[in-house]
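Only one structure is covered here, and it is reproduced in the block below.
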Amino acid sequence: MTHTMDLNELTEAIVAGKLEASQEMVREALKVRTDPQVLINEYLTKGMEEIGKRFEAGKAFVPNLLMSARAMKGALEILKPLLVDEKQTTVGTVVIGTVKGDLHDIGKNLVASMFEGRGFKVINLGIDVSSDKFIAAIRENQADILCLSALLTTTMNYMKEVVVALEETGLRERVKVMVGGAPLSDGFARRIGADAYTSNANAAVERARRLLQK
Amino acid sequence: MKQEVHTDRIPFDTLFIDRQEIYRALGYRSVLPERAFRCMVEEVCQELAPLCKPQGAFRMCKGVWLDSESVAIEEQVFHVGKIIAPCLEKAECFAVFVVTAGAEYEGYMEELNLKGDLLKVFMADAVGSVIAEACVNEVIRKMEAAVPMKHTYPYSPGYCGWNVKEQALLFALLPEKTCGVSLTDSCLMLPIKSVSGIIGFGKQVEGSPYGCAICNSKNCYKRRSGSFDSV
């Protein structure tokens with residue numbers, strides 16, 4: 001079997017969300033001394049980008065994204081310890097949580113999973129998170145992005161309090177703020193001073209990447 | 001008119017768990033999920049069948065339509081909004097209801113979360129939403145048996161422009177922890193997979209179209225569009 005052929009199959013395995021196959025191919029590639037960085041940048045990431053494109057085109061769905069993200073994470077678990085400088089492969093650090101008063105966590109966890117699958121370091125604070133806890137996590141982890149989630153009209157306004165807390169603690173300029181959740185919109189994000197609103201996990205990752213490029 | 005609360009366990013096997021609604025909740029609006037995902041949905045349903053103990057309760061209440069945005073139920077004014085109020089105009093009385101997939105469902109979800117299987121958690125969450133909606137249908141069947149009048153569709157705080165904060169007013173019309181459901185300060189029902197709302201009854205009421213046909217909210221996550229291809 002040819003080397004190139006195997007690695008294209010690795011991309012396909014990520015797209016298909018095949019965890020075991022992806023890990024097996026990564027191990028095989030390492031045996032023939034393929035550079036881990038090349039595996040990540042040219043094959044694994046390509047797979048995640050492809051499934052993201054299919055999702056945006058309506059040809060893949062959230063379960064497909066989750067399967068691919070799981071395969072990607074499994075492959076990265078093998079590769080990351082082999083990298084000279086792990087920080088070089090981290091796209092950015094994301095602190096994510098569902099705001100105080102709200103206990104919904106599924107959507108937020110989907111977003112966290114997609115971030116991990118696309119090479120971000122994710123600090124998932126869970127549900128019912130206060131602004132103090134967000135601030136502490138941003139400081140501790142030197143986060144680049146803060147993702148806030150809410151599913152209720154009664155709790156989404158707490159996002160504004162978090163943004164104000166960021167300003168008061170001098171962190172606002174250092175971190176991009178992204179918001180998401182069923183009752184939210186672009187207009188709401190602008191009103192509370194967030195940098196972006198996205199309606200799904202894939203869009204969140206794409207937007208985060210663009211925000212960090214600026 | 002009887003004012004007592006009708007509370008019932010709803011046997012899981014009597015619920016119609018609409019697979020298409022589950023697929024819709026998973027994001028499939030016009031195509032069916034792949035076979036592997038459909039099998040996972042079935043697996044979740046089978047695992048829940050012996051565990052899940054859904055409940056439903058309703059109470060018939062006196063009430064009147066007030067104006068284009070509000071109704072009064074037992075003298076409590078509900079600002080249901082311009083979308084819902086017209087649907088309740090001819091109501092002579094109201095049923096206040098609450099249903100839940102139950103604490104056992106929550107326990108099942110906690111176990112899945114601990115295992116870290118996000119895909120299955122996502123599937124089970126969608127199944128839970130459909131279980132709760134199926135419970136609403138069961139409670140409506142019981143209402144129909146008890147109240148020989150035509151009725152409207154169910155309407156819930158948080159949807160179609162009705163502020164979710166009025167959930168607290170609605171719960172005040174029911175005994176505390178009816179069906180084991182409680183309300184947080186942010187008006188979130190616990191267990192999360194619960195539904196509450198009102199239904200108008202009257203000789204002249206009409207079954208108005210389903211919520212999405214009368215509400216233009218583009219951001220509502222329950223928004224319906226598209227249909228499934230045939231199997």
Worksheet item: Take the residues of the range B:156-174 that are touching a Gly at 6+ places or on another chain (Cβ under 8 Å) and in a helix (DSSP H, G or I): which is farthest from the other protein chains (Cβ to nearest Cβ)?
Response: B:Leu170
Worksheet item: Tell me, which residue of the range B:134-155 that is in contact with an Asp or Glu (Cβ under 9 Å, 6 or more places away or on another chain) and part of a helix (DSSP H, G or I) is surrounded by the most Cβ atoms within 10 Å (Cβ to Cβ)?
Response: B:Val139
Worksheet item: Looking at B:Asp125, is it over 19 Å from the mean Cα position of the chain (by Cα) and within 14 Å of another protein chain (Cβ to nearest Cβ)?
Response: no
Discussion item. Condition first: closer than 29 Å to B:Cys39 by Cα and outside any loop (DSSP other than H, G, I, E, B). Can you find one or more residues in the range B:82-93 that meet it?
Written reply: no
Worksheet item: Going by the conditions given, is A:Ala75 buried (at least 21 other Cβ atoms within 10 Å of the Cβ), of a type in the set (A, V, I, L, M), touching a Lys or Arg at 6+ places or on another chain (Cβ under 8 Å) and part of a helix (DSSP H, G or I)?
Response: no
Worksheet, complete the sentence: From the option list B:Leu112, B:Leu119, single residue qualifying as out of contact with any Ser or Thr (no Cβ under 7 Å at 6 or more places or on another chain), surrounded by fewer than 21 Cβ atoms within 10 Å (Cβ to Cβ) and farther than 30 Å from B:Val64 by Cα is B:Leu112
Worksheet item: Does A:Leu146 meet the test of being within 11 Å of another protein chain (Cβ to nearest Cβ) and under 14 Å from the mean Cα position of the chain (by Cα)?
Response: no
Item to complete: Please work out if A:Ala69 is outside the structural domain of A:Asp195 (by TED's automatic domain parsing), among the hydrophobic types (A, V, I, L, M, F, W, C), free of Cβ contacts under 8 Å to residues at least 60 places away in the same chain and outside any helix (DSSP H, G or I).
Response: no
Worksheet entry | From the options A:Thr155, A:Thr198, residue that is in contact with a Gly (Cβ under 7 Å, 6 or more places away or on another chain) and closer than 17 Å to A:Val94 by Cα | A:Thr198
Worksheet item: Which members of the range A:14-42 meet the condition of being modelled with pLDDT under 95 and of a type in the set (Ser, Thr, Tyr)?
Response: A:Thr34
Worksheet item: Based on what the data block shows, is A:Asn157 within 14 Å of another protein chain (Cβ to nearest Cβ) and in contact (Cβ under 8 Å) with a residue 60 or more places away in the chain?
Response: no
Practice prompt. Search the range A:100-127 for residues that are outside the structural domain of A:Met48 (by TED's automatic domain parsing) and without any contact (Cβ under 8 Å) to a residue 24 or more places away in the chain and pair each with any residue that is in a helix (DSSP H, G or I) and among the β-branched types (Val, Ile, Thr) when their beta-carbon atoms are under 8 Å apart and the residues are at least 6 apart or on different chains.
Written response: A:Ile106/B:Val121; A:Asn109/B:Val121
Item to complete: Starting from the range B:175-196, take each residue that is without any contact (Cβ under 8 Å) to a residue 40 or more places away in the chain and part of a loop (DSSP other than H, G, I, E, B) and list its partners that are crowded, with 19+ Cβ neighbours inside 10 Å and among the polar types (S, T, N, Q), counting only C-beta distances under 6 angstrom and pairs at least six apart or across chains.
Response: B:Ser186/A:Thr154; B:Ser186/A:Thr155; B:Cys187/A:Thr154; B:Cys187/B:Gln167
Worksheet item: Identify, please: which residue in the range A:122-157 is within 12 Å of A:Leu171 (Cα to Cα) and of a type in the set (A, V, I, L, M) and is, among those, surrounded by the fewest Cβ atoms within 10 Å (Cβ to Cβ)?
Response: A:Ala136
Response to the item:
Among (1) over 20 Å from the mean Cα position of the chain (by Cα); (2) polar (S, T, N, Q); (3) within 30 Å of B:Met149 (Cβ to Cβ), B:Thr14 falls short only on (1)
Worksheet item: Would you call A:Ser113 modelled with pLDDT of 95 or more and touching a helix residue (DSSP H, G or I) at 6+ places or on another chain (Cβ under 6 Å)?
Response: no
Worksheet item: Which of the residues spanning the range B:175-225 are within 14 Å of the chain's Cα centre (by Cα), modelled with pLDDT under 90 and either crowded, with 20+ Cβ neighbours inside 10 Å or more than 14 Å from chain A (Cβ to nearest Cβ) (or both)?
Response: B:Tyr210, B:Gly211
Worksheet item: Between residues in the range A:34-60 that are assigned to a loop (DSSP other than H, G, I, E, B) and residues that are crowded, with 22+ Cβ neighbours inside 10 Å, which pairs lie under 7 Å by C-beta distance while being six or more apart or on different chains?
Response: A:Ala60/A:Ile51
Worksheet item: Filtering the range B:17-41 down to residues that are more than 22 Å from the chain's Cα centre (by Cα), of a type outside the set (A, V, I, L, M) and not in a loop (DSSP other than H, G, I, E, B), which residue is nearest to A:Pro63 (Cα to Cα)?
Response: B:Phe37
Worksheet item: Hey, among the residues in the range A:160-193 that are in contact with a Leu (Cβ under 6 Å, 6 or more places away or on another chain) and within 13 Å of chain B (Cβ to nearest Cβ), which one's modelled with the highest pLDDT?
Response: A:Val179
Item to complete: Quick one: count up the residues across the range A:88-135 that are of a type in the set (A, V, I, L, M, F, W, C), within 14 Å of chain B (Cβ to nearest Cβ) and either under 20 Å from A:Ala75 (Cα atoms) or under 10 Å from the mean Cα position of the chain (by Cα) (or both).
Response: 7
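The values are calculated or read from the model by the stated rules, or taken from the named source; none is laboratory data. Please read these numbers as outputs of a predicted model, since none were measured by experiment. In this analysis, Cβ positions are derived from the backbone assuming ideal geometry, glycine residues included, and neighbour counts consider all displayed protein chains.
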